[in-house]
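Reading through the structure tokens given below for one structure.
What follows is calculated from the coordinates using simple rules that are stated; it is not laboratory data. Model, not experiment: these values are computed from the prediction. Backbone-built Cβ (ideal geometry, glycine too); neighbour counts: all protein chains shown.
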Amino acid sequence: MDTYLVGGAVRDQLMGSWDPAHADRDWVVVGATPEAMVAQGYTPVGKDFPVFLHPDSHEEYALARTERKSGHGYHGFTVYASPDVTLEDDLVRRDLTINAMAQAPDGTVIDPHGGQRDLAARVLRHVSPAFAEDPVRILRLARFAARFADFTVADETLALMRQMVTEGEVDHLVPERVWQELARGLMEARPSRMFEVLRACGALQRLLPEVDRLWGVPQRADYHPEIDTGVHLMMVLDMSARLQAPLTVRYACLGHDLGKGTTPPDVLPRHVGHEGRSAQLLKHVNDRLRIPTDCRELADVVAREHGNVHRSEALSPSATLRLLERCDAIRKPQRFSDVLLACECDARGRLGLSEAPYPQKARLQAALDTALAVDTASVSAQALAQGLRGPDIGKVISQAREQALALHAKA
């Protein structure tokens, strides 16, 4: 049997970006059977097709295989793996030319579909018409566009993606796989590119109509020099990448302005009450795509409160404390730090304001630190000694925190 390094590891080596400490390698085995792999000490792990773990490195080795479309969506395939399947048979079933290369043990690159040519030209191009059989490939291509921001999508590939959307193939994507690819794309260097590609082929309207409808919605130029809400959202996402925000923050950035897409036309470009509408729309997105709890919770707080955070320098100590309490900052201080980071991304994700300071972040962080420094055990003990119980003790603690904030504001 013959073994070849395939996929992203070959691509990244050719691009000079391979990092063995932080990347996996995938291998294809030609001319073998599952029984032969097990006999050599490999551990079978594949559920849908023969994949094995190497006995020493624990890297994945897959038998060369072909696929035949047998239904809709990601799971609608019949897989054929046999010793007579060639390396070329295996490579032609892959998504993009830059991912359809292999490397022999002697270092020779096998490139039957022009992957090196497209790497040099900075083009994302599908390998064969079989691309259209798997709608996940639309998401994967969009994710690669976010990673390789200077690559363009081949015209014929974009046309094929549009055809897939028109034919309804995208509607068969399972929520978990949509979220998996979106999450990975959000963590790339230019997440805006993922959404631009999804929008260009029509997939964004099917998968995230709440986001898609933001383009063309105007905003007040004094707050948003870029005017267009969709353009603003892309700038916010790219700012989140620039500030190396975690996934929870990037998802919160994605959902913070959804309500602007439902602002009545007669009141535009004002968006009064969009925060509450954003939070409601987010609930639908969260349920539809089965978003993880940590992402849901942070996005909800940011959607509801980002306007108040932006205006927080004008808040009194009592209003500042109420903001902290609505954000559950006392109980979850780290999450509140993430709320502030998302709000900074929102403020700086605007035309001409990418380098602007965001003093609200430091001010509210200092306010939270002040509130947390209050000796609540001592305050509670004094309240108990005065005969107070239950909610009344909570009120006394809040008063102590408000007093601390007032003293901090005067300092």
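Provide the packing ranking of 397-409, 87-99, i.e. peptides ordered by the mean count of other C-beta atoms within 10 Å per residue, highest first. Write down the numbers at each step before the final one.
Details: 397-409: 17.5, 87-99: 21.3.
Peptide ranking by packing, descending: 87-99, 397-409.
Identify the trypsin sites (Lys or Arg not before Pro) of region 292-332 meeting these criteria: DSSP loop state and at most 15 other C-beta atoms within 10 Å of the C-beta.
Loop-located and lightly packed - R311, R331.
Compute the separation of the alpha-carbon centres of region 388-407 and region 3-40 and state it in Å as a whole number.
61
What angle, in degrees between 0 and 90 and rounded to the nearest 10, separates the Cα long axis of helix 175-186 from the longest principal axis of the Cα atoms of the chain?
Helix 175-186 sits roughly 80 degrees off the main axis of the chain.
How high is the relative contact order of region 175-246, in percent, counting Cα pairs under 8 Å that sit 6 or more residues apart?
Computed value for region 175-246: 32 percent relative contact order.
Only Cα pairs within less than 10 Å get springs; with that Gaussian network setup on the chain, which residue of V374, V231, V165 has the largest fluctuation?
V374
How would region 239-371 be classified by its alpha-carbon gyration tensor: rounded, prolate or oblate, with rounded meaning a/c under 1.5 and the a/b versus b/c comparison settling the rest?
Since a/c stays below 1.5, the shape of region 239-371 is classed as rounded.
For region 317-411, what relative contact order do you get, as a whole percent, if you take Cα pairs closer than 8 Å and at least 6 residues apart?
34
For the chain, take the longest principal axis of its alpha carbons; what is the angle in degrees between that and the long axis of helix 376-385, to the nearest 10 within 0 to 90?
40
What percent antiparallel are the DSSP beta bridges of the chain, to the nearest 5?
Numbers: 21 of 27 bridges.
DSSP beta bridges in the chain are roughly 80 percent antiparallel.
Highest GNM mean-square fluctuation, the chain, Cα pairs closer than 10 Å: which of G390, G276, G255?
Comparing G390, G276, G255 in a Gaussian network model of the chain, the most mobile one is G390.
Relative to the longest principal Cα axis of the chain, at what angle does helix 136-147 sit, 0 to 90 degrees, rounded to 10?
70
Any chance you could check the Cα centroid distance between region 284-311 and region 100-123 for me, in angstrom?
With region 284-311 and region 100-123 each reduced to a Cα centre, they are spaced 42 Å.
Can you tell me the relative contact order of the chain? Whole percent, Cα pairs under 8 Å, sequence separation 6 or more.
Relative contact order comes out at 10 percent.
Between (i) 181; (ii) 191; (iii) 148, which entry matches volume of the Cα convex hull per residue in Å³ as derived from the coordinates of this structure?
(ii)
Choose one answer from C253, C343, C201: the residue with the largest mean-square fluctuation in a GNM of the chain with alpha-carbon springs under 10 Å.
C201
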